[in-house]
């Protein structure tokens, strides 16, 4: 699955340039031109990373960053703050608001792509690898096989895609809507309760392999793959 990057930038030429360079590198992008739109878009479809301009109309990038950090579904969302402010005090303020990285305009598209890759590798430990591992679960992406504690796990195609989504970002909470988008695709209509059915099947398959239940249900929010199961 292509990582999805949200670009929050009110200067259209800047947004178009960044979107072009990211899509050329294989990312999927979407642009929001102000803070309110950015907050609405992240609720509708959670991105894998946000490039967030500081100077936005109405709601500033700093406030958008703070609000994203307060929400359960975006608490750990990687954020790169993008701004013309280069003073140390501004960089500190941006990072203190919850940003993971900070870039000053004008910037090199190549450096931006490199920083996005680095952040994605940290937030998605298996990004770019053929094998994903978490708490005893091993997904061999090349062979399309899953083991848990060394024992084979037999999964249907949908359960496999659900596990792949969860294991790429352990600890992150996914809403049912987001899981539908990632596992089924936005073009296909599936009821949200269908996600619960397939999560139960995934849990059973992992339990049949003798492992602990690592899928956490977050009431009112969704699901995550987490060793701290409630």
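The values are calculated or read from the model by the stated rules, or taken from the named source; none is laboratory data. Note that the structure is a prediction, hence the values are computed from the model and not measured. Glycine gets a Cβ as well: all are built from the backbone with ideal geometry, and neighbour counts include every protein chain shown.
So, in the stretch 76-94, of the ones that are more than 14 Å from residue 5 (Cβ to Cβ) and part of a loop (DSSP other than H, G, I, E, B), which residue ends up modelled with the highest pLDDT?
Taking the stretch 76-94 as the starting set, the residues that turn out to be more than 14 Å from residue 5 (Cβ to Cβ) are 76, 81, 83-94.
From what is left, the residues that are part of a loop (DSSP other than H, G, I, E, B) are 76, 84-87.
On the way: 76: 85, 84: 81, 85: 70, 86: 66, 87: 69.
Only one residue fits best here, namely 76.
For residue 55, all conditions in the list (1) out of contact with any helix residue (DSSP H, G or I) (no Cβ under 6 Å at 6 or more places or on another chain); (2) touching a residue at least 12 places away in the same chain (Cβ under 8 Å); (3) not in a loop (DSSP other than H, G, I, E, B) hold save one; what is the number of the exception?
(3)
Which one is farthest from the chain's Cα centre (by Cα) among residues in the stretch 171-191 that are part of a loop (DSSP other than H, G, I, E, B) and crowded, with 21+ Cβ neighbours inside 10 Å?
Keep residues of the stretch 171-191 that are part of a loop (DSSP other than H, G, I, E, B), which gives 171-173, 175, 184-191.
Checking the rest, the ones that are also crowded, with 21+ Cβ neighbours inside 10 Å come to 172-173, 175.
On the way: 172: 8, 173: 9, 175: 12 Å.
So, considering only residues that are part of a loop (DSSP other than H, G, I, E, B) and crowded, with 21+ Cβ neighbours inside 10 Å, the one farthest from the chain's Cα centre (by Cα) is 175.
I'm trying to understand the selection: among the residues of the stretch 140-158, which are assigned to a loop (DSSP other than H, G, I, E, B) and free of Cβ contacts under 8 Å to residues at least 40 places away in the same chain?
Our first condition is that a residue be assigned to a loop (DSSP other than H, G, I, E, B); within the stretch 140-158, this holds for 141-144, 149-150, 154-156.
If the condition is that a residue be assigned to a loop (DSSP other than H, G, I, E, B) and free of Cβ contacts under 8 Å to residues at least 40 places away in the same chain, then 141, 142, 143, 144, 150 are the ones that fit.
Could you tell me which numbered condition residue 70 fails, if it satisfies all but one of (1) more than 25 Å from residue 223 (Cα to Cα); (2) surrounded by fewer than 16 Cβ atoms within 10 Å (Cβ to Cβ)?
For residue 70, the exception is condition (1).
Among what's in the stretch 95-139 and is in a strand (DSSP E or B) and out of contact with any helix residue (DSSP H, G or I) (no Cβ under 9 Å at 6 or more places or on another chain), pick the residue that is modelled with the lowest pLDDT. Explain how you work it out, then say what you get.
Looking only at the stretch 95-139, we keep the residues that are in a strand (DSSP E or B), and these are 101-104, 131-134, 137-139.
Checking the rest, the ones that are also out of contact with any helix residue (DSSP H, G or I) (no Cβ under 9 Å at 6 or more places or on another chain) come to 131, 138.
Details: 131: 82, 138: 92.
Ranking the candidates gives 131 first.
Just need a number here: residues in the stretch 170-182 that are in contact with a helix residue (DSSP H, G or I) (Cβ under 7 Å, 6 or more places away or on another chain) and at pLDDT below 80. Don't jump to the end; show me each part of the working.
Step one: filter the stretch 170-182 for residues in contact with a helix residue (DSSP H, G or I) (Cβ under 7 Å, 6 or more places away or on another chain), giving 173-176, 179-180, 182.
When the remaining residues are screened for being at pLDDT below 80, the result is 182.
So the answer is 1.
Restricting to the stretch 37-47, and then to whatever is modelled with pLDDT of 90 or more and touching a helix residue (DSSP H, G or I) at 6+ places or on another chain (Cβ under 9 Å), can you tell me which residue is surrounded by the fewest Cβ atoms within 10 Å (Cβ to Cβ)?
So in the stretch 37-47, the residues modelled with pLDDT of 90 or more come out as 37-42, 47.
Filter again for touching a helix residue (DSSP H, G or I) at 6+ places or on another chain (Cβ under 9 Å), leaving 38-39, 42, 47.
Values: 38: 28, 39: 19, 42: 21, 47: 24.
Here the residue is 39.
Would you tally the residues in the stretch 76-125 being closer than 27 Å to residue 171 by Cα, surrounded by 13 or more Cβ atoms within 10 Å (Cβ to Cβ) and in contact (Cβ under 8 Å) with a residue 24 or more places away in the chain?
Within the stretch 76-125, residues that are closer than 27 Å to residue 171 by Cα, surrounded by 13 or more Cβ atoms within 10 Å (Cβ to Cβ) and in contact (Cβ under 8 Å) with a residue 24 or more places away in the chain number 21.
In contact with a helix residue (DSSP H, G or I) (Cβ under 9 Å, 6 or more places away or on another chain), without any contact (Cβ under 8 Å) to a residue 40 or more places away in the chain, outside the structural domain of residue 73 (by TED's automatic domain parsing) and within 18 Å of residue 132 (Cα to Cα): does that describe residue 161? I'd like the intermediate steps shown before the answer.
Details: in contact with a helix residue (DSSP H, G or I) (Cβ under 9 Å, 6 or more places away or on another chain): yes; without any contact (Cβ under 8 Å) to a residue 40 or more places away in the chain: yes; outside the structural domain of residue 73 (by TED's automatic domain parsing): yes; within 18 Å of residue 132 (Cα to Cα): yes.
Against the criterion (in contact with a helix residue (DSSP H, G or I) (Cβ under 9 Å, 6 or more places away or on another chain), without any contact (Cβ under 8 Å) to a residue 40 or more places away in the chain, outside the structural domain of residue 73 (by TED's automatic domain parsing) and within 18 Å of residue 132 (Cα to Cα)), residue 161 qualifies.
For the stretch 23-39, name all the residues that are more than 16 Å from the chain's Cα centre (by Cα) and assigned to a helix (DSSP H, G or I).
Residues satisfying the conditions are 23, 24, 35, 36, 37.
Could you check residue 210 against (1) part of a loop (DSSP other than H, G, I, E, B); (2) under 26 Å from residue 71 (Cβ atoms); (3) at pLDDT 85 or above and say which number it fails?
(2)
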